[in-house]
Amino acid sequence: MAKKSGSLNDRQAAFVREYLVDLNATRAAIRAGYAERSAAAMASELLRNPKVQEAVEAAQKARAERVQLKADDVLVELARLATSDVADAFDEHGALRPLKDMPVGLRRAIASIEVEQLKVDGAAVGTVAKVRMWDKPKSLELLSKHLGLLKEKLEVTGKDGAPVQVNAQQDLSGYTDEELQAIHAIHEAAARRRDAAERGGGEGGTGEAPEGP
């Protein structure tokens, strides 16, 4: 059994730390040491564990306090990235505006600016400005998730894509990681037995008794 650290065992605590990196539960479970083949199922169970939920919320709150950042600040910044218009970086003649003359929201949405000088026979004849913005689709996606406009669906399948058989009334929050993995293994074994039965025999043979000499 994994050593406990506070109210969580070591791998659960590692999952919480890794989940905060990118908020991807399956990848967090793999990085925390769970088997890759069952990582999605384990991640789903971990996120339903009240102790894990409490640890994630506490870690997020502590991180926000460290950087003095509130949820509204994040939403405002995402809104700037999502609604920025690169046209505001140029004046009515198509020339790049100085940074100080650009709207504040636009400046914060710019990832980089490159200005190349055009030359003909060694003589400068003009410039070309390239403005690269931060990822707008990703910003819209994150903003939608925060506002509840986009719901994530974690889909977990069993053997060969078949649905995992789960008892909706069963509370698994009190189980250890090892017990959860054992439960998952039992579900997989049951699925294999069902598949074998549908094919007309058990896993070890045809299901018929051998005839005598």
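Taking a sphere under 13 Å around the Cβ of Ala62 and counting the other residues whose Cβ falls inside, with K and R at +1 and D and E at -1, yields a net charge of +1.
Here the Karplus relation 6.51 cos²θ - 1.76 cosθ + 1.60, evaluated at θ = phi - 60°, turns the backbone of the stretch 57-64 into coupling constants of 4, 5, 5, 5, 5, 5, 5, 4 Hz, with x for every Gly and Pro.
Extension gain, Met133-Ser7: 0.36 nm per intervening residue step, less the Cα-Cα distance, totals 41.0 nm. Residues whose amide H comes within less than 5 Å of that of Asn24, counting only those at least five positions distant or on another chain, are absent (H built at 1.01 Å from N in the peptide plane). Looking at the square roots a ≥ b ≥ c of the eigenvalues of the Cα gyration tensor of the stretch 1-138, which shape do they give, rounded for a/c under 1.5, prolate if a/b is larger than b/c, or oblate? Since a/c reaches 1.5 and a/b is larger than b/c, the shape of the stretch 1-138 is classed as prolate.
Note on the stretch 5-51 and the stretch 82-104: Cα centroid distance 44 Å, given to the nearest whole angstrom.
FYI, it's all coordinate maths here, none of it is from the lab. Since the model is a prediction, treat every value here as computed from it, not as a measurement. When we count neighbours, we look across all protein chains shown, and the Cβ atoms used for this are built from the backbone with ideal geometry, even at glycine.
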